Amino acid sequence: MRRRRPRWLLPTLAAAVLLAGATTLYVASREGGPGPSSTKPAGSAQATRMVVGTLSLDDNFDWEPSTGCWGARGYDDIKAGAQVVVTDSSGNTVALSHLDQGRREVPYGGLPACKFNFLVRDVPTGGGYYGVEIAHRGRVQYPEQQLFGALALTLG
C-alpha cells in the first residue's frame, strides 16, 4: 500500500520558499545590496543606488573623547553635518547628504586622523561620470563603477 502525503504539505512548502525569497530581496534593497530590488523596475523612474564613503582629515582637527572630532585651523567647515553633494557629468546636483560624527583613529604606527562616514541615497545610475564635493572643498570626479564602490577621500 502506498503512503499518501498530506494535501497541505506542497502548498505550505511553496509559500515558505516564496516568503524567504521576498524577505531576502527586501533586506538586500534596504541595505543597498545588489539584487533585483536595489534598482527600480524597467519602465518606471530611473534606477538609483547609494554612495558610501569616508573622509579622512589627517591634520588640523580637534577632538574630545565624548563628542568625537572636527576640523580646525582652516578646516572648520569639516564637521558632523557638513554637506556632501553628488553631481552628474554636467555639474547638476543629483543627490545630497551630510557627514556623520567624526571619530579619531590612530592607525598602527601612524599619526591620528579624524574620520567621517557619509552615505548618499538615491543617486541615479547611468550617468557615466559623477562628482563628489564635501563642504565646498572642490569636486572630485569618479566614473560610475568607482562611485558605487567604497569611496575614501582625504584632506590635510
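Fully extending the segment from Ala80 to Tyr108, taken as 0.36 nm per residue of separation minus the present Cα-Cα distance, adds 7.6 nm. A Förster radius of 25 Å, combined with the Cβ-Cβ distance separating Glu64 from Ala150, puts the computed FRET efficiency at roughly 0.35. The stretch 83-101 and the stretch 140-156 have Cα centres separated by 12 Å. A Förster radius of 25 Å, combined with the Cβ-Cβ distance separating His136 from Thr48, puts the computed FRET efficiency at roughly 0.50.
Annotation: Arg104 carries an accessible surface of approximately 100 Å², with a 1.4 Å probe and no ligand, DNA or RNA atoms counted. Against the criterion of solvent-accessible heavy-atom surface with a 1.4 angstrom probe, His98, His136 sort, most first, into His136, His98.
Hey, what's the per residue convex hull volume over the C-alpha atoms of the stretch 87-145, in cubic angstrom?
Details: hull volume 6.6 nm³, N = 59.
Convex hull of Cα atoms, per residue: 113 Å³.
Look at the dipole of the stretch 62-156 built from charges on Cβ: of Thr67, Gly110, Gln145, the Cα furthest out on the positive end belongs to Gly110.
The values are calculated or read from the model by the stated rules, or taken from the named source; none is laboratory data. Just so it is clear, the model here is predicted, and its values are computed rather than measured. Ideal geometry is used to build each Cβ from the backbone, glycine not excepted, and the neighbour counts take in all protein chains shown. Calculation scope for accessible area: heavy atoms of the full protein, side chains included, ligands and nucleic acids excluded. Shrake-Rupley method; radii C 1.70, N 1.55, O 1.52, S 1.80 Å.
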